[in-house]
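Everything on this sheet refers to the single structure shown next.
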Amino acid sequence: MDASFVVRPWQVMPFGPGSITVVGLLLFSLLMHGPVQAQDTGIVIATDSILPVTLDEVILIASYRRALEHGAQQKPLSTLDAYLESSRKVSMVKRGAYAWEPMLNDMGSNRLSVTIDGMRIFGACTDVMDPITSYVDVSNLSEVHVASGQQGAEHGSVIGGAIDMRLEKSNFGPDGWTASVETGGETNNAARILGGELNYSDDRFYVDSDIVYRKADNYVAGGGEEVAFSQFEKYNLSANAGYKVSEGQKLLASLIIDEARDVGYPALPMDVSLARAFIGSATWVQQRFIGGFVDWETKLYANSVTHIMDDSQRPDVPVRMDMPGWSDTYGYFSQARLPMGDHQLLLKLDGFYNRSLAEMTMYPNNPDESEMFMLTWPDVRTLNNALYAEEKWSFDKSTLSLATRLALQKFHVADALGLNSLRIFYPEMAERQTRFLKSVSAQYHTGLKPFRLNGGLSYGERAPTVSEGFGFYLFNSFDNHDYIGSPGLKNEKAVELTARLTYPHEKFDISLEGNYFHTIDYVIGQVYPELSAMTIGADGVKIYENLRYANLYNVSLDSRYQLSPELTWTGVVSYHRGTDQDRHNLPFISPLSYSSMLQYSQNKLNASLSMKGAAAQVDYNPEFGEDQTEAYTVFSFAAGTTFTINDHDLNVKAGVENIFDKYYSTYADWNNIPRMGRNFFMTLSYAVN
């Protein structure tokens, strides 16, 4: 790459014959290192001169302050898990009533990037009982951006995609002081929700603050069966502020404190006594930057997560255990855009440093026996630095986007005890390792009246997670095996092909979308019968290995029909399939699923009737603890309105979920834990402007 180009990136020539582009140069460098293909559906970036080329999903959050704006949301004070599960693309793995793990394209959090305002955060639980989505609340957020495949590479080296939760900010509006108080309740698990906001905003300064408290007892499945150990209690505090230093220059800061206690996990053998996170950031935003670059944003952030598993409330455990874990992350990113007529460039530098440590202590029932201690995450330090570049061109009725990400990731096993434990299995294991990760994508959008067509091709890589690379006897209650990491795993790689055909109309639109992932060196646990299990009652030991490849297919059909100005119908049907090189079924692949909603909105009244369901799961894999889940269909209803009291708004919403009290379990419910039965709810929000 030309040194003068590096020093003066604003001199990049517009796209045209003989031109040189940033992404083109980076793609050429990738071709020298390995196979390169391109992309999928992804991030919505609206600009004045360039059409969006991707069809990302944006999930609007019905914040308390904007409850009236989003009145059509079925359940404004629901948990973030419920918001995500209502989306078209995201499904959730459920281990209890709290902290569900998001999945995108039938891939779990190990193959995704889950961020809060672009900040990387890593859970502290070896059993994924604390996904990143559990450390925020809907009161913190304005929306969630879901980017499929390599369109999520802006936020990290991923295979399945990215989920970025955007914080709500006043953004220097002339609102003065505003406040709201909200409360809600549910009948099934006696859930109690109480929260409030206090905000101030003018043209130079704003500060937003909110607090929410949630507490729930055990819930009841369809038919009246109580699901023991499904209770939880949580509070969340957040504050963000902004100061306009000058016109076009802003300094922003945010802080989130989230803590959950007494969280039951009925699908697991252990519960959680504490899950706590401190998340903070400082951001500088500048409208004009060097040369022709604009929208320069630089963020510094830090977060600390503590997670403590224990089984002290469980009866008749063979051996009592404590399993605390800690994860600390420090990171940054800096990005800017370069608009050039019908051509636009985005450059982003980002990086993070993470420390993950987890341990386990076993306390025998016989007092004469000694306690047993081990490190399940051996103080693994991860350092990642990356460059992301994206270029977009607008042609006549068409748009082309090219993007690439280059990342250097280093691992260091810092604890001698943990390192020596792993060397029992890997005598030649090095204390440190370095990995080079790359991704490229190409996305094309065109209008073929009366249709719109999106197509893309991508290639991406990810490094093994801390558990996959360095985990030590991690018990998986789903397939009843202990898992051991493998530090010599190859980077997982995926080639993805995607297409979306849309017929838009003023009153009716329909879209057909599909994607295909050919994943090379797919990481999965394989049985080692010669090893003895550590966990009492476990069926054996698995070690993470690379398969030669695995294939995943996703096809969905979604539509919308405006029956009248007040009445709208939407519906989605999707089909999924996942197999390995030997045509064996991959775990956690959704069966045929469907959902439909009828929404009514007029003046201050809104109502909705929804249906969701799935066919029987027939393509399952018993080797991973799966069995056939039965087909199901459930219905829900909600209605709400707004009253004006002393010039202030009182928003009221009530409804019933699982109207017919259906007993069911989905493919993503750990150990077939049943879902909640009939549940009545009501929410109240009173806003003072």
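The values are calculated or read from the model by the stated rules, or taken from the named source; none is laboratory data. Everything numeric here is computed off the predicted structure, so don't read it as measured data. Heads up, the Cβs are rebuilt from the backbone with ideal geometry, glycines too, and the neighbour counts pull from every protein chain shown.
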Hey, Tyr553 hits all of (1) without any contact (Cβ under 8 Å) to a residue 60 or more places away in the chain; (2) surrounded by 21 or more Cβ atoms within 10 Å (Cβ to Cβ) but one; which does it fall short on? (2)
Taking segment 164-180 and keeping residues assigned to a strand (DSSP E or B) and either over 29 Å from Glu390 (Cα atoms) or acidic (Asp, Glu) (or both) leaves Asp164, Gly176, Trp177, Thr178, Ala179, Ser180
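Would you please name the residue that is surrounded by the most Cβ atoms within 10 Å (Cβ to Cβ), looking only at residues in segment 511-526 that are closer than 30 Å to Leu563 by Cβ and out of contact with any Pro (no Cβ under 9 Å at 6 or more places or on another chain)? Even if it seems obvious, please write down each step before you answer.
So the first thing to find is which residues in segment 511-526 are closer than 30 Å to Leu563 by Cβ, and the list is 511-514.
Filter again for out of contact with any Pro (no Cβ under 9 Å at 6 or more places or on another chain), leaving 512-514.
Working: Leu512: 14, Glu513: 21, Gly514: 16.
Per the stated criteria, the residue is Glu513.
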Of the residues that sit in segment 619-673 and are in contact with an Asp or Glu (Cβ under 6 Å, 6 or more places away or on another chain) and in a strand (DSSP E or B), which one is nearest to Leu609 (Cα to Cα)? Ser636
Filter segment 436-481 for residues that are under 26 Å from the mean Cα position of the chain (by Cα) and among the charged types (D, E, K, R); the one that is nearest to Asn621 (Cα to Cα) is Asp479
Test for Pro565: is it closer than 30 Å to Ser685 by Cβ and either in a loop (DSSP other than H, G, I, E, B) or among the acidic types (Asp, Glu) (or both): yes
For segment 409-435, give me the residue count where each residue is of a type in the set (Phe, Trp, Tyr) and either under 30 Å from Glu506 (Cβ atoms) or under 24 Å from the mean Cα position of the chain (by Cα) (or both). 1
For segment 616-626, which residues satisfy the criterion of being surrounded by fewer than 16 Cβ atoms within 10 Å (Cβ to Cβ) and of a type in the set (Gly, Ala, Ser)? Ala616
Asp208 is checked against (1) under 30 Å from Asp311 (Cβ atoms); (2) assigned to a strand (DSSP E or B) and fails just one. What number does that condition carry? (1)
If we keep only residues of segment 527-548 that are surrounded by fewer than 17 Cβ atoms within 10 Å (Cβ to Cβ) and of a type in the set (Ser, Thr, Tyr), then the residue farthest from the chain's Cα centre (by Cα) is Ser532
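Of all the strands (runs of 3 or more DSSP E) wholly in segment 239-343, which have at least 2 residues that are in contact with a Pro (Cβ under 8 Å, 6 or more places away or on another chain) and not acidic (Asp, Glu)? Don't jump to the end; show me each part of the working.
Values: elements: 249-263, 271-288, 294-310, 320-340.
Those strands (runs of 3 or more DSSP E) span 294-310, 320-340.
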Would you point out the residue of segment 119-145, among those that are more than 25 Å from Pro266 (Cα to Cα) and at pLDDT 95 or above, that is surrounded by the most Cβ atoms within 10 Å (Cβ to Cβ)? Met119
Pairs with Cβ under 9 Å, 6+ apart, first in segment 404-427 and within 30 Å of Glu390 (Cα to Cα), second among the aromatic types (Phe, Trp, Tyr) and buried (at least 19 other Cβ atoms within 10 Å of the Cβ): Thr404/Tyr388; Arg405/Tyr388; Leu406/Tyr388; Ala407/Tyr388; Phe411/Phe470
Evaluate segment 194-204: report whether one residue or more is farther than 21 Å from Leu650 by Cβ, surrounded by 16 or more Cβ atoms within 10 Å (Cβ to Cβ) and under 28 Å from the mean Cα position of the chain (by Cα). no
